[in-house]
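Working notes for the structure below.
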């Protein structure tokens, strides 16, 4: 299995766009997040298992359009009985999989099939509004949503309000195109690729 | 542009959805004899109403769930959306 990151050939470190004479807080930071364990948990429709009993790295499963998180792990709601987990604890799935009965859950490791772009800065919402039809201003940290960004299917994870930070997740195969769309939207404001 | 209320995610832009056709079509029961005419009707023939219409929509860029929508085909007004196992009143 390759460890080459999805944006290896396109994500260049440096300052781009109109960054001159701008106060540091108004310069967006764009980074690629990789090396995380990512897996999807689907509870079958005929399952009556009570998921509120499950704790994954100490976290309960979030309700609709929400996420739960700690310093290592984030769990996102991505549909009814459907969650996306990403964690820097790379053996988390191995350690916790005994909580999930095969008759109730399907768990799929998709660590190598996602691109994650992290945006940070006061103008994050403006960048998102350029390509995403969601009511971005109404979303806060702890929210997550599946949507589109300039026609590409994405999941947006709202991580923090101060500083404003979001992660945009897309399919790995759309990663370069998504990166181009996001950085193109950032150019107007100036961004620091880190 | 339509603004559609997904029963799971709330109001979202039409950009996130895919149209799935007439929501009133029932598949013929399994293991029952069916004439070619009835099968042809099920597979191909659709009404094209001028007014209220029950449709299927797929929240393809969202929660990936199918649901029912009652929409006016003339004004595009959406009256109701429900989960697949619920009836439109």
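Points to keep in mind about this one:
- Of the criteria (1) part of a loop (DSSP other than H, G, I, E, B); (2) within 14 Å of chain B (Cβ to nearest Cβ), which one residue A:77 fails: (1)
- In this entry, residue A:86 passes the filter for residues that are out of contact with any helix residue (DSSP H, G or I) (no Cβ under 9 Å at 6 or more places or on another chain) and surrounded by 19 or more Cβ atoms within 10 Å (Cβ to Cβ).
- For residue A:141: the one exception among (1) surrounded by 17 or more Cβ atoms within 10 Å (Cβ to Cβ); (2) in a loop (DSSP other than H, G, I, E, B): (1)
- Meets criteria (surrounded by 14 or more Cβ atoms within 10 Å (Cβ to Cβ), away from chain B (no Cβ under 14 Å), at pLDDT 95 or above and closer than 20 Å to residue A:165 by Cβ) for residue A:7: no
- For the residues A:126, A:118, A:161, the requirement of being outside the structural domain of residue A:84 (by TED's automatic domain parsing), farther than 24 Å from residue A:83 by Cα and surrounded by fewer than 19 Cβ atoms within 10 Å (Cβ to Cβ) singles out A:126.
- Of all residues in the range A:164-193 being crowded, with 21+ Cβ neighbours inside 10 Å and part of a strand (DSSP E or B), the one that is farthest from the chain's Cα centre (by Cα): A:191
Here is a yes/no grid of residues against (1) free of Cβ contacts under 8 Å to residues at least 12 places away in the same chain; (2) out of contact with any helix residue (DSSP H, G or I) (no Cβ under 7 Å at 6 or more places or on another chain); (3) more than 14 Å from every other protein chain (Cβ to nearest Cβ):
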{"residue": "A:103", "(1), (2), (3)": "no, yes, yes"}
{"residue": "A:107", "(1), (2), (3)": "no, no, yes"}
{"residue": "A:113", "(1), (2), (3)": "no, no, yes"}
{"residue": "A:124", "(1), (2), (3)": "no, yes, yes"}
{"residue": "A:130", "(1), (2), (3)": "no, no, no"}
{"residue": "A:135", "(1), (2), (3)": "yes, yes, no"}
{"residue": "A:139", "(1), (2), (3)": "no, yes, no"}
{"residue": "A:144", "(1), (2), (3)": "no, yes, no"}
{"residue": "A:149", "(1), (2), (3)": "no, no, no"}
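- Residue, nearest to residue B:56 (Cα to Cα), within the range B:16-29, restricted to residues that are within 12 Å of chain A (Cβ to nearest Cβ) and surrounded by 15 or more Cβ atoms within 10 Å (Cβ to Cβ): B:17
Yes/no matrix, rows are residues, columns are (1) within 11 Å of another protein chain (Cβ to nearest Cβ); (2) surrounded by 14 or more Cβ atoms within 10 Å (Cβ to Cβ); (3) in contact (Cβ under 8 Å) with a residue 12 or more places away in the chain:
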residue: B:1; (1), (2), (3): yes, no, yes
residue: B:31; (1), (2), (3): no, no, no
residue: B:38; (1), (2), (3): no, no, no
residue: B:53; (1), (2), (3): no, yes, yes
residue: B:57; (1), (2), (3): no, yes, yes
residue: B:62; (1), (2), (3): yes, yes, yes
residue: B:73; (1), (2), (3): no, no, yes
residue: B:77; (1), (2), (3): no, no, no
residue: B:89; (1), (2), (3): no, no, no
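The values are calculated or read from the model by the stated rules, or taken from the named source; none is laboratory data. Owing to the predicted nature of the structure, the values given are computational and were not obtained by experimental measurement. Cβ atoms come from the backbone with ideal geometry, glycine included; neighbour counts cover every protein chain shown.
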